[in-house]
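Peer 1: Pasting a structure below so you can have a look.
The values are calculated or read from the model by the stated rules, or taken from the named source; none is laboratory data. From a predicted model like this one, the values you see are computed outputs, not experimental measurements. Cβ: placed from backbone, ideal geometry, glycine included. Neighbour counts: every protein chain shown.
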Amino acid sequence: MLEPLALKRKDGFTIVELLIVIVVIAILAAISVVAYTGIQNRANDTAIQSDLRNIGSKFTEFYVTAGRLPAINSTDLGPMKLSVSKNAYGNHYTPSSSNGYNIAVCFNGTTGDFVLVAASKSGNVFAFRNGGVQTGTGPLQTINTTCANNGLSGPSSSAWLFNNGSWNASIGG
């Protein structure tokens with residue numbers, strides 16, 4: 001016997017109900033991605049600051065012990081066992097003929113002053129100077145401009161520790 005239409009069972013969801021569920025899931029996913037990106041950027045920034053603090057303290061120790069600033073070569077840097085969180089760094093200074101630069105090291109051999117400047121993947125720039133890390137002035141540009149923008153103009157020597165897409169051979173991590 002046929003059932004009347006009013007008594008017929010309805011199985012499943014309507015299209016409107018399914019669309020509402022999909023929209024709610026999409027909103028939750030978008031919120032999660034934004035939160036994750038923010039957490040990742042803060043982690044990269046913290047890693048850069050820690051790296052600069054460690055390298056800066058090793059350079060300071062070298063200066064006190066040797067009476068000079070270290071040369072950016074394997075003879076001076078190798079024994080320091082410098083290590084960085086390489087995945088936290090971005091390629092923020094990339095002229096058309098290169099694969100990127102990061103971590104500017106600027107020395108004034110006469111006064112013993114130096115500054116380390118690096119950019120995180122987040123785009124934030126940090127500088128180690130006078131024994132501490134602070135927010136640096138970016139963006140990273142030519143090495144002399146980057147040094148001058150962060151408090152050390154006319155350095156007697158300078159170098160990139162991440163140079164044209166490659167890390168200095170003495171940098172671990």
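Peer 1: For the structure I just gave you, tell me whether Gly173 is exposed (fewer than 15 other Cβ atoms within 10 Å of the Cβ) and either modelled with pLDDT of 90 or more or within 18 Å of Arg53 (Cα to Cα) (or both).
Peer 2: yes
Peer 1: Out of (1) at pLDDT 90 or above; (2) not in a helix (DSSP H, G or I), the odd one out for Phe59 is which?
Peer 2: Here Phe59 clears every test but (2).
Peer 1: Another one. Residue check: is Gln49 polar (S, T, N, Q), in a helix (DSSP H, G or I) and in contact with a Lys or Arg (Cβ under 9 Å, 6 or more places away or on another chain)?
Peer 2: For Gln49, the condition - polar (S, T, N, Q), in a helix (DSSP H, G or I) and in contact with a Lys or Arg (Cβ under 9 Å, 6 or more places away or on another chain) - is not met.
Peer 1: Does Thr94 satisfy the condition of being touching a Gly at 6+ places or on another chain (Cβ under 8 Å) and polar (S, T, N, Q)?
Peer 2: Taking the combined requirement at face value, the residue satisfies it.
Peer 1: Only one of (1) surrounded by fewer than 17 Cβ atoms within 10 Å (Cβ to Cβ); (2) touching an Asp or Glu at 6+ places or on another chain (Cβ under 9 Å); (3) more than 22 Å from Gly138 (Cβ to Cβ) is not met by Phe62, so which one is it?
Peer 2: So Phe62 meets the others, but not (1).
Peer 1: Go through the range 146-173 and count every residue that is closer than 17 Å to Ser83 by Cα, out of contact with any helix residue (DSSP H, G or I) (no Cβ under 6 Å at 6 or more places or on another chain) and among the hydroxyl-bearing types (Ser, Thr, Tyr).
Peer 2: Summing the residues that are closer than 17 Å to Ser83 by Cα, out of contact with any helix residue (DSSP H, G or I) (no Cβ under 6 Å at 6 or more places or on another chain) and among the hydroxyl-bearing types (Ser, Thr, Tyr) in the range 146-173 gives 1.
Peer 1: For residues in the range 98-114 being of a type in the set (Ser, Thr, Tyr) and more than 22 Å from the chain's Cα centre (by Cα), which is nearest to Arg42 (Cα to Cα)?
Peer 2: Thr111
Peer 1: Within the range 99-146, how many residues turn out to be of a type outside the set (Val, Ile, Thr), assigned to a loop (DSSP other than H, G, I, E, B) and either surrounded by 15 or more Cβ atoms within 10 Å (Cβ to Cβ) or without any contact (Cβ under 8 Å) to a residue 60 or more places away in the chain (or both)?
Peer 2: Qualifying residue count, the range 99-146: 13.
Peer 1: Consider the range 39-53. How many of its residues are among the β-branched types (Val, Ile, Thr) and surrounded by fewer than 21 Cβ atoms within 10 Å (Cβ to Cβ)?
Peer 2: 2
Peer 1: Give the residues of the range 75-97 that are closer than 24 Å to Asp45 by Cβ and not in a helix (DSSP H, G or I), sorted by residue number.
Peer 2: Hits for the range 75-97 are Lys81, Leu82, Ser83, Val84, Ser85, Tyr89, Gly90, Asn91, His92, Tyr93, Thr94.
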